[in-house]
Amino acid sequence: MTNRRSFLTGAGAGITALGASLVSRAGAASLPEAPTHTSSATAAPLAPTGGRPYNPVVTLNGWTLPWRMKDGVKEFHLVAEPVVREFAPGMQVNLWGYNGQSPGPTIEVVEGDRVRIFVTNKLPEHTSVHWHGQLLPCGMDGVTGLTQPGIQPGKTFVYEFVARHAGTFMYHPHADEMQQMAMGMMGFWVTHAKNPRQHAVDRDYVMLLSSYDIEPGSYTPRTNTMLDFNLWTINSRVFPGLDPMVARLGDKVRIRVGNLTMTNHPIHLHGHRFEVAGTDGGWVPKSARWPEVTTDVAVGQMRAIEFVADAPGDWAFHCHKSHHTMNAMGHDVPTLIGVDHRGVAEKINKLVPGYMVMGDKGGSMGDMKMPLPANTLPMMSGDGPFGNLEMGGMFTVLKVREGLKRGDYSDPGWYRHPAGTVAREWTGDGNGTLPPAPRAPDARPAPAPAGQAMDARKPGANDMTGHEHH
Ligand SMILES: [Cu+2]
């Protein structure tokens, strides 16, 4: 018995009345397969295997959940479970996610589809799934205690509703949220337009922003952290562990971003102008869009940006908060710019052989290789064609190239700049004379040269704890 009634009545009238309900023994016998995925590579877009046609999205360093069609209903099976996610080569993290990965797989459906989602809980505590942005019967909304009881460990619940409007959505628990979302439980949801030509683009990338507090050398996030996170991720990956987004010159590109961190992220794209074409409330009318190069994605919001990839090159795409393009080792260190600590270094070296002076000329790591504890990442890294990229966290590259094949998402390598188009050192030859560089009229004197006595003030308690990253 696999009809809808058998699912909804199996667990008893009390729970049935609440909507999302425990799957009956009969229903469980016919649960759809729950595919899992552990590779951190970006999966190829999953072409629809039935139902209405649509242009599938690409989940950066993630994948889309296959479904089965049963009596005209699209059936999915999510399994909430502990997973191990590689943030970037050199760092594995114990997270909670769905079907082998955090974030969970992207769910793609078409406007008007009836959708049935089985959720099996393999976590040590109860959970639920909230379908953020969906217009659905209240009892399917996934809020533990309000619209359903929690899904206890070992149990499977079923959610069923019609995907009523096209747009950009996500799913996440509404059960012990602080712990479960700090552990990486979230996934993307795209409802495609009924008419595949409506809102059509050539490349459609999706990503969820999440943040973690993981002490260097440890493997599990501190889930009670409220604001002071040290790893800022796109799809639970950090640069240089993020694949590039690839586009053919002239392609219309969409990037959909959802924010499940505890702060906002001004998302910035170089070399192009985009429009915010959609939010988690739906599509923005054309007449209401304006050009941008940075758009803020607030906590719990989603933004779909669209642009024509009309400039060949390797273009930075990142959160504009500079602490969010850094990995764990860059946080909670004092500012040492301008401090001469040569003498101090000698003294410390007698006590701690191998101690290095850092930060007196700024924070750049240059080509310095610092010994790291096991299982963490340098604060800024990633080798580029011109040296160290000095980036981590919420950063990746949009690679626009001429003549790529439709559907080719493979990394085309670094951009080969046309001759004479790269910033270069001025050496005086053939470039005329150096124009004057006037100084601001009220310029203050330069700081005291190294070696001279400096006024030092020990920071008070407020200075130490009152700083904040955002
Ligand atoms: Cu940010």
Open item on the list: So in the range 222-246, with the set limited to residues that are open to solvent by 10 Å² or more (accessible area, probe 1.4 Å) and in contact with a Gly (Cβ under 9 Å, 6 or more places away or on another chain), which one is farthest from the ligand (Cβ to nearest atom)?
Closed with: 240
Open item on the list: Can you tell me which residue is most open to solvent (accessible area, probe 1.4 Å) among those in the range 311-328 that are within 10 Å of the ligand (Cβ to nearest atom) and touching a strand residue (DSSP E or B) at 6+ places or on another chain (Cβ under 6 Å)?
Closed with: 320
Open item on the list: I'm told residue 81 meets every condition in (1) over 18 Å from residue 34 (Cα atoms); (2) open to solvent by 10 Å² or more (accessible area, probe 1.4 Å); (3) out of contact with any Gly (no Cβ under 6 Å at 6 or more places or on another chain) except one. Can you identify the failing condition by its number?
Closed with: (1)
Task: Filter pass, residue 290 being more than 16 Å from the ligand (Cβ to nearest atom) and either touching a Cys at 6+ places or on another chain (Cβ under 7 Å) or touching a residue at least 12 places away in the same chain (Cβ under 8 Å) (or both) - done: yes
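Residue by residue, here is whether (1) within 16 Å of the ligand (Cβ to nearest atom); (2) modelled with pLDDT of 85 or more; (3) open to solvent by less than 90 Å² (accessible area, probe 1.4 Å); (4) over 19 Å from residue 88 (Cα atoms) holds:
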residue: 377; (1), (2), (3), (4): no, no, yes, no
residue: 381; (1), (2), (3), (4): no, no, yes, no
residue: 386; (1), (2), (3), (4): no, yes, no, yes
residue: 396; (1), (2), (3), (4): yes, yes, yes, no
residue: 400; (1), (2), (3), (4): no, yes, yes, yes
residue: 425; (1), (2), (3), (4): no, yes, no, yes
Task: Of residues in the range 287-309 being assigned to a strand (DSSP E or B) and hydrophobic (A, V, I, L, M, F, W, C), the one most open to solvent (accessible area, probe 1.4 Å) - done: 308
TODO: Evaluate the range 140-151: report whether one residue or more is charged (D, E, K, R) and closer than 23 Å to residue 72 by Cα.
DONE: yes
Task: Any chance residue 127 is closer than 16 Å to residue 36 by Cα, hydroxyl-bearing (Ser, Thr, Tyr) and modelled with pLDDT of 95 or more - done: no
TODO: Look through 139, 150, 100, 145 and report the one residue that is over 29 Å from residue 230 (Cα atoms) and touching an Asp or Glu at 6+ places or on another chain (Cβ under 9 Å).
DONE: 150
TODO: Might you let me know whether the range 344-352 holds any residue that is within 16 Å of the ligand (Cβ to nearest atom) and at pLDDT below 65?
DONE: no
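Does residue 190 meet the test of being open to solvent by less than 20 Å² (accessible area, probe 1.4 Å) and either more than 15 Å from the ligand (Cβ to nearest atom) or without any contact (Cβ under 8 Å) to a residue 60 or more places away in the chain (or both)?
Answer is yes for this residue.
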Task: Top-ranked residue in the range 201-241 [being at pLDDT below 95, more than 22 Å from residue 82 (Cβ to Cβ) and assigned to a loop (DSSP other than H, G, I, E, B); ranked as nearest to the chain's Cα centre (by Cα)] - done: 240
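The values are calculated or read from the model by the stated rules, or taken from the named source; none is laboratory data. Worth saying up front: this structure is predicted, and the values here are computed from it rather than measured. Methodologically, a virtual Cβ is constructed for each residue, glycine included, from the backbone with ideal geometry; neighbour enumeration extends over all protein chains shown. Just the protein is used for accessible areas: all its heavy atoms, side chains included, with ligands, DNA and RNA removed. Shrake-Rupley method; radii C 1.70, N 1.55, O 1.52, S 1.80 Å.
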